[in-house]
Each structure stands twice: as C-alpha cells, then as structure tokens.
Amino acid sequence: MLNMDKKLLKRQEEGKIIKAGIVGAGQMGRGMVTQMVLMNGIMPAIVSDIKIENAVHAFKYAGVTDDDIVIAKTLADANAAMEAGKYVACEDADFVSRANLVECAIDATGVPDVGAKVATDAMKNKKHVVMLNVETDVVIGPYLKKMAEKEGVIYTGSAGDEPGAVMELYSFAKAMGMNVEVMGKGKNNKIDYGCNPDTVLEEATRRKMSPKMLCAFKDGTKTMVEMTAMSNYTGLVPDVIGGHGPKTSPGTEGVKELNDILKLKKDGGILNKHGVVEYVNGIAPGVFVTVSTPNEEIAYQMSYHSMGPGPLWTLYRPFHLCNLETPLSVAKAVIDGEVTCVPIDGLVSECITRAKINLKAGQTIDGIGGYTTYGSIAEAKESDEKGYVPYGLVTNKAVMKRDVKKGQLLTYDDIELDKSTLVYKLRKEQDAMYGKNVL
C-alpha cells in the first residue's frame, strides 16, 4: 500500500471521492464505516444491514450528524441521497449492489450465501468487490474471480484480515527471492471445540460482538477459514488436516522459537513437509512467513541482521487491523486496478466440516458459529477424494442422514445439504469449471 496516502489525498483534492457500499454493520462493518469516514479520498456512501439501526449507528459512531444521514426505503431514494452527498443507511443489500455512484461493494457479513449474492450482483452491475467475508471466498472464490474477469472489474480479499495481511509478507519474501516454507497466523483465542453461542454470550456482550462470531473464533473455525484462504492464494497446503497449532512464548520470543519449531521432523521440528500453512498459539494477533535460502551469503546476511542462525527465519507482522484496513483494498481496486489477494486458480485447500457434538440421523444442524459443527482444513484433493463437506455449504436447513460421532469429519453421505442456496448453486458451477462432479 505504498503511496496510497498520497493517492487518496489527490482524490480528495480533486473531489473524486471513492464511494463505497458496505453490507453488514456489525462489529466489522461498524469499525470500517468509522475508519472510512476519517480517511481522505473515500467515503462509506451507503451501508446496509438487516437491522437499520445498526447502519445508522455505524455512521453516528463516526461522528456523522443526523442531517447527513438518509434512511433510504427505495433505490431511487438511495441514489438521490448519494448524489446530494449524504450518507445512506438501508436494509436492502441490493441497494449497495445497484446504486449508481457505488464504485466498490464490500461484504462484511460473514455469511457465505449473503456474500455470494452481494458479490455476484455487484459485479453484474460493474462494481468492484472487496470480500471481507472469507467464509464465502473459501467456497466459491475461484468462481467469483472468473466472474470479475468476465465483467471487467476487480474481485479481491481484504487488507487487514489475516490472509490479506500475511500476503504482504509472502509477496515481500517472494520478491526478495526467498523460499516461503511456512505461512500462517497467531491464534489469540484458546481453542474450545465445544463452545456455542450460549456459552460465549456473556463475553460476546461485554466485547460488543455477535455470539456466533465469537464462537467461530473460539472453536477454531475462523482460523481454519483463514488458513484455507492463505492456501488458495499461494498454493501452500496444510501439513495435516486441521494443522498442528504449536505453542510458543508470546511476542518476539515466540517468533524466534518458530525458526526451530517449524523445521522438518527429521531436523527436530514438527512438520512432515515444507510449503505449508499453519497456525500458532502464542504470537497472536500477528501473522508470519518462515523462509529459507539456498545461498550461503544471504544466510550470513540474515544472521547478521539478527534474524537468527538459520536455516529458517521468520518474518512477522505483529498486528492485523482487519476491517480498519479494508478501505485500503477498496482504494487499491479503484485507483490501481489491482487485487490485494485472490485465489490463484481453483481450490488448493478446503475448509471442511467436523461434528461439534454427537449428531443423530434426522437432526437439523447449523453452520458457522453454531451449536453442532465447526470447521477444519484439508487439501482440496483429499477433500474431494473422501467427500468431505465444505463448511460454507452447511446451513441451518442441513439435515443429518445418519448418526455421526463428536469430532468426526462429515461427508456428503452423512448430510443432506440445502440445495436452494445461491452459494450451493455457484459451488456446483465452480466444480463443473474444474471438471469435478462432487455435488
């Protein structure tokens, strides 16, 4: 994002303000709106949420006055208000995808089916799409990438979210000629595979979070989704299903420990192979890449620069500001015509479904952040061969076909999915693009 400050200031001075539309005004959307209002050259022109008060409050948190907020009931109202320079709040996400002046739509809902609709509708209307909803991206990202190319717009993941943040380190290392052996993130919530929205309710309320979102963090699903995205952006794969999740000391000491922990097993580390994605308990909330070099002079220079004795060195970014950085991806798409992060081509890894509790035949189950299942990561090839169910396809209308034990990975033989969802239909089209006949 070098020089983006200057580019945005130039847009501000020229009066060419980038008008963004945001779907979802929960914790992620609310912070994004506030951040964007403070920036030069860009504005959250329209915000949609199923609870209109969330959209209105998002503007108010940012200091926008009542006189400058318009609640739009129709698309015509939204267009008129935007043309008058007002901030628009609405319930209908279609307004974001269809409003005349919106240049880029952002989905911040975390719901795969909503993300699928927002992205496809926006791109059909020739708008760029920034997907903060990684849950959608790991299911149909390749489809959305190809659609963007067809429509002549940008489809991209978001800066600040862990996959986008770590891509900065990955690109830096690759540009420097380094070999990226491991790419990953710190985990800042102790994993509790059995948690549910009820058990986390008190903490979620205190932290002004959705209980389902906090549950998805605590049961590890968000980490698995993020690692899946990293894999699909780079071609790196999980070493084992679900990853190892080693523990380190906190902070800088933990980063140094990774140089030894992430060696191959034959060299005293934990990994069966390199070229992998992984998560770590202890260095949160940052992201990292662990690199190597075959060149003795560069190895000496790395040691000289206090990176450690080698043969592995870890580059670490000690923060990711998630939704607060998302506007930078909007600017990058609109001004530079470039993506922040996007699947390379097809799925390299899959976020698959695991039973959180014992499940019974005929039981209706739920998905992300719920009571009955959580996500894990596997190579897409293995997932296809064994028929594991992509987690983003599991909705609260999915029904078990047979009994499954707690901790078991779910296959298509175990579960009847809701085939009416848009994300299911697009996933089926995506599979056909790549010669698969899975669904």
- Any residue in the stretch 131-143 that's closer than 7 Å to Pro112 by Cβ and at pLDDT 95 or above: show its pairings with residues that are among the acidic types (Asp, Glu) and open to solvent by less than 10 Å² (accessible area, probe 1.4 Å) at Cβ separation under 8 Å, as long as the two are six or more apart or on different chains. Thr136/Asp107
- When you go through (1) at pLDDT 95 or above; (2) outside any helix (DSSP H, G or I); (3) among the β-branched types (Val, Ile, Thr); (4) within 22 Å of Glu226 (Cα to Cα) one by one for Thr109, which number turns out not to apply? (1)
- Those residues that are in a strand (DSSP E or B) and either open to solvent by less than 20 Å² (accessible area, probe 1.4 Å) or of a type in the set (A, V, I, L, M, F, W, C) (or both), I need them from the stretch 141-200; list them, please. Tyr155, Thr156, Gly157, Val180, Val182, Met183, Gly184, Lys185, Gly186, Lys187
- Filter the stretch 256-279 down to residues that are surrounded by fewer than 24 Cβ atoms within 10 Å (Cβ to Cβ) and in a helix (DSSP H, G or I), then give me how many there are. 8
- Task: Test Gly243 against the criterion of being open to solvent by 10 Å² or more (accessible area, probe 1.4 Å), over 22 Å from Leu321 (Cβ atoms) and in contact with a Phe, Trp or Tyr (Cβ under 6 Å, 6 or more places away or on another chain), and give yes or no.
- Result: yes
- Check Glu429 against each of (1) among the charged types (D, E, K, R); (2) closer than 18 Å to Val111 by Cβ; (3) open to solvent by 60 Å² or more (accessible area, probe 1.4 Å) and name the one condition it does not meet. (2)
- Query: Do the conditions hold for Lys397, that is, is it charged (D, E, K, R) and either touching a helix residue (DSSP H, G or I) at 6+ places or on another chain (Cβ under 9 Å) or modelled with pLDDT of 95 or more (or both)?
  - Reply: no
- Query: Can you tell me how many residues in the stretch 332-385 are open to solvent by 10 Å² or more (accessible area, probe 1.4 Å) and under 30 Å from Met1 (Cα atoms)?
  - Reply: 13
- What tally of residues in the stretch 126-175 results from selecting those that are farther than 26 Å from Trp313 by Cα, among the aliphatic types (A, V, I, L, M) and under 17 Å from the mean Cα position of the chain (by Cα)? 10
- Message: Here is a check on your reading of the model: is Ile377 touching a residue at least 40 places away in the same chain (Cβ under 8 Å) and more than 24 Å from Asn437 (Cβ to Cβ)?
- Response: no
- Note on the structure: Counting only residues that are out of contact with any Lys or Arg (no Cβ under 6 Å at 6 or more places or on another chain) and under 14 Å from Leu409 (Cα atoms), the stretch 366-378 contains a total of 4
- Examine the stretch 115-125 for a residue that is part of a loop (DSSP other than H, G, I, E, B), under 16 Å from the mean Cα position of the chain (by Cα) and more than 30 Å from Leu258 (Cα to Cα), and state whether such a residue exists. no
- Message: Here is a check on your reading of the model: is Gly31 at pLDDT below 95, in a loop (DSSP other than H, G, I, E, B) and not β-branched (Val, Ile, Thr)?
- Response: no
- Item | Count of the stretch 1-21 residues which are modelled with pLDDT of 95 or more and either farther than 13 Å from Met39 by Cβ or in a helix (DSSP H, G or I) (or both) | 14
- Query: Would the stretch 84-104 turn up any residue that is in a loop (DSSP other than H, G, I, E, B), of a type in the set (Val, Ile, Thr), within 21 Å of Glu325 (Cβ to Cβ) and open to solvent by 10 Å² or more (accessible area, probe 1.4 Å)?
  - Reply: no
- Inside the stretch 109-136, can you point out the residues that are open to solvent by less than 10 Å² (accessible area, probe 1.4 Å) and among the small types (Gly, Ala, Ser)? Gly115, Ala116, Ala119, Ala122
- Task: Would you be able to tell me the number of residues in the stretch 39-73 that are closer than 11 Å to Gly24 by Cα, open to solvent by 20 Å² or more (accessible area, probe 1.4 Å) and assigned to a helix (DSSP H, G or I)?
- Result: 2
- Item | Count - residues of the stretch 280-304 that are open to solvent by 20 Å² or more (accessible area, probe 1.4 Å), touching a strand residue (DSSP E or B) at 6+ places or on another chain (Cβ under 7 Å) and in a loop (DSSP other than H, G, I, E, B) | 4
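The values are calculated or read from the model by the stated rules, or taken from the named source; none is laboratory data. Being a predicted model, the structure only gives us computed values, none of them experimental. Counting neighbours? That spans all protein chains shown, and the Cβs are built from the backbone with ideal geometry, glycine included. For accessibility, only protein heavy atoms count, side chains too; no ligands or nucleic acids. Shrake-Rupley method; radii C 1.70, N 1.55, O 1.52, S 1.80 Å.
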